[in-house]
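Only one structure is covered here, and it is reproduced in the block below.
The values are calculated or read from the model by the stated rules, or taken from the named source; none is laboratory data. Small disclaimer: the values here were computed from a predicted structure and weren't measured. Virtual Cβ from ideal backbone geometry, glycine too; neighbours counted across all protein chains shown.
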Amino acid sequence: MNRTAITDTDYESLGRRAMRTRIRSLQMVHRAKLGHPGGDFSSADILTALYGAILHVDPSNPCDPERDRFIMSKGHCSSSLYAALAGAGFLSDADLDTYMAPLSKLNGHPDRNKVAGVEANTGPLGHGLPIGVGCALAAKMSGASWRTYVLVGDGELQEGSNWEAGMCASQYKLDNLVLIIDRNRIQQGDFTENTINMEPMAERWRSFGWDVREVDGNNMHAVVECLRAAPFTPNVPSCILAHTIKGKGVSFMENRPSWHHHVPTDDELQKAIAELERGQR
């Protein structure tokens, strides 16, 4: 689909794809006994929108110099990224079964040297946006038309490197850069506001010279349309503040800090899958 017209049937397909991403990522965490399912679920719609409707990427030519670049700065949510990459054709379903196994290429944090479609090694928070600024600046300097997209977590914005990168992006007028904030309001151990007050987040980014739009990050239509509207203003970097729900789609996972890195039991896995499948009907 990428940047062509998107029909209601396409949106239904994207919704089913996001549901499969959630199920598959939770199965991977359950199998590995490690992972971060709450953030996997909050970002699943964003990842599906990117790989299903926005990014100009080709799994048969993953190093195409004209490809768009996507950087998953919140690299601890790797199982949802891998599931999305599989949905886009970069990985096989059998690959997903090796998640975090000894010698597997699917590490807990994504590795660009091992996984096609991964643009940067991430996991240490606060690094993805600076890398993305470098990518976007390189494209500007060379006159390339490809774009850079970066997905960060809201707790990650407590790292000062993001704000240094934000100033740089504005200074160099990087309208080919799109920052997406997964604003699920929970980080490891607690709600973000109990750690550091993040508000007014939109106004803070505007004060750094970005054009900001807020969106329901778990509404596929809204996410796709907002992404397709970027760049919002010529010569200005775009920020999408995506309001999401940690553990979205499963009643006993939603808005629970414990699900930041909780591994589901056999019973929880089956109940979660049943809820997700019912919600998609």
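If only residues of segment 163-186 that are crowded, with 23+ Cβ neighbours inside 10 Å and out of contact with any strand residue (DSSP E or B) (no Cβ under 7 Å at 6 or more places or on another chain) are counted, the one that is farthest from R213 (Cα to Cα) is I186. Within segment 164-185, not a single residue is assigned to a loop (DSSP other than H, G, I, E, B), farther than 22 Å from V133 by Cβ, of a type in the set (A, V, I, L, M) and over 19 Å from the mean Cα position of the chain (by Cα). Examine segment 33-56 for a residue that is modelled with pLDDT under 95, crowded, with 17+ Cβ neighbours inside 10 Å and either under 18 Å from D216 (Cα atoms) or over 13 Å from the mean Cα position of the chain (by Cα) (or both), and state whether such a residue exists. Scanning segment 33-56 turns up no residue that is modelled with pLDDT under 95, crowded, with 17+ Cβ neighbours inside 10 Å and either under 18 Å from D216 (Cα atoms) or over 13 Å from the mean Cα position of the chain (by Cα) (or both).
If only residues of segment 81-119 that are farther than 17 Å from L151 by Cβ, among the hydrophobic types (A, V, I, L, M, F, W, C) and within 19 Å of the chain's Cα centre (by Cα) are counted, the one that is surrounded by the fewest Cβ atoms within 10 Å (Cβ to Cβ) is A116. Among the residues of segment 198-238 satisfying the criterion of being in contact (Cβ under 8 Å) with a residue 24 or more places away in the chain and over 28 Å from S145 (Cβ atoms), which is nearest to the chain's Cα centre (by Cα)? So, considering only residues that are in contact (Cβ under 8 Å) with a residue 24 or more places away in the chain and over 28 Å from S145 (Cβ atoms), the one nearest to the chain's Cα centre (by Cα) is N218.
If only residues of segment 137-155 that are touching a helix residue (DSSP H, G or I) at 6+ places or on another chain (Cβ under 7 Å) and either aliphatic (A, V, I, L, M) or not in a loop (DSSP other than H, G, I, E, B) (or both) are counted, the one that is nearest to K248 (Cα to Cα) is G153. Residues of segment 124-136 that are touching a residue at least 12 places away in the same chain (Cβ under 8 Å) and either in a helix (DSSP H, G or I) or surrounded by 24 or more Cβ atoms within 10 Å (Cβ to Cβ) (or both): G128, L129, P130, I131, G132, V133, C135, A136.
Taking the criterion of being at pLDDT below 95, outside any loop (DSSP other than H, G, I, E, B) and surrounded by fewer than 19 Cβ atoms within 10 Å (Cβ to Cβ), the residues of segment 191-217 that qualify are F191, E193, N194.
Applying the set (1) touching a helix residue (DSSP H, G or I) at 6+ places or on another chain (Cβ under 8 Å); (2) outside any helix (DSSP H, G or I) to L14 leaves exactly one unmet item: (2).
Among the residues of segment 74-91, the ones that are outside any helix (DSSP H, G or I), within 19 Å of V263 (Cβ to Cβ) and among the small types (G, A, S) come to 1 in all.
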